[in-house]
């Protein structure tokens, strides 16, 4: 009976959380969250049902607008938003693209995790039920020209486990998360990027950007 009692407590608590809905899960996950890191795996399935190769990497978010998305396999790519610019570095191409960071980045569901005030401001959230052992929240962007048709976030009792995006062409991107760390101490320079010497830098660069000239 000593083993049964805590099991029943967890079972009841889990059912109560599920009954509260996916939005309650998101609010609980995001409460007091200023920064977060995780591992991810990502795959894209096209409109015909063909699934591409899976990529893996790490992500880091920090309120209000900074993020780092680093793909490590099967190719390398680094995306850094430093609050003013978004840098995309592709070592295989020896190229960095840069653009001013705009309100478009706030329309990513990931930014909602560290700024819950954006949830109703940027999206129309609806409960999407329970399947695959998760409760799901569907987000439809309020942007005039949204980047995706909708996104769905799947939560278990503790964390965000999966995210699905369907774009305007019918492609579906699935991201699975693992090893979330809440409010970690970020390494210095996590959200700063300086292009390596010898790479091409393309894009609209402000005069104070730390970049090297584009090669002829």
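The values are calculated or read from the model by the stated rules, or taken from the named source; none is laboratory data. Note that this is a predicted model, so its numbers are computed, not measured. Here the Cβ positions follow ideal geometry from the backbone for every residue, glycine too, while neighbour counts run over all protein chains shown.
Could you pull out the residue among 145, 127 that is surrounded by fewer than 17 Cβ atoms within 10 Å (Cβ to Cβ), part of a loop (DSSP other than H, G, I, E, B) and either in contact with a strand residue (DSSP E or B) (Cβ under 7 Å, 6 or more places away or on another chain) or at pLDDT below 85 (or both)?
Of the residues listed, the single one that is surrounded by fewer than 17 Cβ atoms within 10 Å (Cβ to Cβ), part of a loop (DSSP other than H, G, I, E, B) and either in contact with a strand residue (DSSP E or B) (Cβ under 7 Å, 6 or more places away or on another chain) or at pLDDT below 85 (or both) is 145.
Sort through 20, 16 and tell me the only one that's exposed (fewer than 15 other Cβ atoms within 10 Å of the Cβ), more than 28 Å from residue 59 (Cα to Cα) and either at pLDDT 50 or above or touching a helix residue (DSSP H, G or I) at 6+ places or on another chain (Cβ under 6 Å) (or both).
Within the list 20, 16, the selection yields 20.
Residues checked against (1) surrounded by 18 or more Cβ atoms within 10 Å (Cβ to Cβ); (2) touching a helix residue (DSSP H, G or I) at 6+ places or on another chain (Cβ under 9 Å):
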{"position": "24", "(1), (2)": "no, yes"}
{"position": "39", "(1), (2)": "no, no"}
{"position": "59", "(1), (2)": "yes, yes"}
{"position": "62", "(1), (2)": "yes, yes"}
{"position": "74", "(1), (2)": "no, no"}
{"position": "95", "(1), (2)": "no, no"}
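Report whether or not residue 53 is within 11 Å of the chain's Cα centre (by Cα), surrounded by fewer than 16 Cβ atoms within 10 Å (Cβ to Cβ) and either in contact (Cβ under 8 Å) with a residue 24 or more places away in the chain or not in a strand (DSSP E or B) (or both).
no
Please work out if residue 197 is in a loop (DSSP other than H, G, I, E, B) and either at pLDDT below 95 or under 30 Å from residue 127 (Cβ atoms) (or both).
Criteria met by residue 197.
Spot the failing condition for residue 47; the list is (1) surrounded by 15 or more Cβ atoms within 10 Å (Cβ to Cβ); (2) in a loop (DSSP other than H, G, I, E, B), and only one is missed.
Tallying (1) surrounded by 15 or more Cβ atoms within 10 Å (Cβ to Cβ); (2) in a loop (DSSP other than H, G, I, E, B), residue 47 fails exactly one: (1).
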